[in-house]
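The values are calculated or read from the model by the stated rules, or taken from the named source; none is laboratory data. Given the structure is predicted, the values throughout are model-derived calculations rather than measurements. Neighbour counts run over all protein chains shown; Cβ positions are idealised from the backbone, glycine included.
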Amino acid sequence: MASVKAQMTELAALIGDLQELARPDAVQPGPLEVVPLHTLLRTALDRARLRGPELTFVTDLAPWYVRAEAPALERALVNVLDNAVKFSPPRGTVEVTLMRGELTVRDQGPGIAPDELPHVFDRFWRSPSARSLPGSGLGLSIVARTVQQAGGTVSLAPAEGGGTAATLRLPGAPTPPPEL
Ligand SMILES: Nc1ncnc2c1ncn2[C@@H]1O[C@H](COP(=O)(O)OP(=O)(O)OP(=O)(O)O)[C@@H](O)[C@H]1O
Ligand SMILES: [Mg+2]
């Protein structure tokens, strides 16, 4: 039963990713609203903790309000955290910081080879060394698209001391805009 449940979760995530990707680029994204990024992150972190119960999450989240499509942004955050969980060594630590609109998710995994880095945002691309792990290679292509729609940027880089650091920058403000 546990295995069936885990596979259902995987399948549901894949369907969600495919639906997101199936929307043509030309089509306007869904309604944009002011969303507290720090709150979306906490929700995404709760899901990540379920996927990596033995990992340690060290978080430091300063309030940041962005204009985005909330469900799409939450999916993007889950996708980034999901990678950190998936590639973490057993009992590893995942560091998540949000400071002035810059989100960094850092893991202690194997890292990404420099010649592979340019491909990570391609649809269906997966490192040959990652093929034994679950996934379809869609996660980061969705992250790139959502972040771009919100006017931000995303990049992956080797973390100091090993592992990978994913950095998302989203335009916004530390306080919500006044009501119109
Ligand atoms: N934190 C990370 N550490 C090491 N490699 C990573 C990390 N994040 C991404 N990658 C590499 O980039 C590839 C693409 O990531 P992406 O999230 O798009 O796909 P996936 O995780 O393999 O599958 P999916 O996200 O669809 O479940 C991964 O397969 C892996 O090779
Ligand atoms: Mg992924």
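Points worth noting:
- Long-range neighbours under 6 Å by Cβ, at least six apart or interchain, first residue on the phi > 0 side of the Ramachandran plot within the range 131-146, second at pLDDT 85 or above and near ligand 1 (Cβ under 7 Å from one of its atoms): G137/W125; G137/R126
- Summed over the range 146-166, the residues that are surrounded by fewer than 20 Cβ atoms within 10 Å (Cβ to Cβ), within 16 Å of ligand 2 (Cβ to nearest atom) and not hydrophobic (A, V, I, L, M, F, W, C) give a count of 1.
Table: residues versus (1) more than 7 Å from ligand 1 (Cβ to nearest atom); (2) among the aromatic types (F, W, Y); (3) at pLDDT below 95.
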residue	(1), (2), (3)
S136	no, no, yes
I142	yes, no, yes
T153	yes, no, no
A159	yes, no, no
P174	yes, no, no
P177	yes, no, yes
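- The range 37-56, residues that are touching a strand residue (DSSP E or B) at 6+ places or on another chain (Cβ under 8 Å), surrounded by 16 or more Cβ atoms within 10 Å (Cβ to Cβ) and at pLDDT 95 or above: L37, H38, L41, L45, L55
- L61 fulfils the conditions (1) more than 17 Å from A144 (Cβ to Cβ); (2) away from ligand 1 (no atom under 16 Å from the Cβ); (3) aliphatic (A, V, I, L, M); (4) modelled with pLDDT under 95 except for a single criterion, (4).
- Selected residue (only one of L32, L21, L98, L81 is in contact with a helix residue (DSSP H, G or I) (Cβ under 8 Å, 6 or more places away or on another chain) and either away from ligand 2 (no atom under 16 Å from the Cβ) or within 29 Å of P178 (Cβ to Cβ) (or both)): L98
- Checking each residue in the range 37-63 for being assigned to a loop (DSSP other than H, G, I, E, B), in contact (Cβ under 8 Å) with a residue 40 or more places away in the chain and either within 16 Å of ligand 2 (Cβ to nearest atom) or within 19 Å of S136 (Cβ to Cβ) (or both) picks out only G52.
- There is at least one residue in the range 67-80 that is more than 16 Å from the chain's Cα centre (by Cα) and either at pLDDT below 95 or buried (at least 21 other Cβ atoms within 10 Å of the Cβ) (or both).
- All of V66, V105, V80 fail the test of being within 15 Å of ligand 1 (Cβ to nearest atom), assigned to a strand (DSSP E or B), among the β-branched types (V, I, T) and closer than 24 Å to R145 by Cβ, apart from V105.
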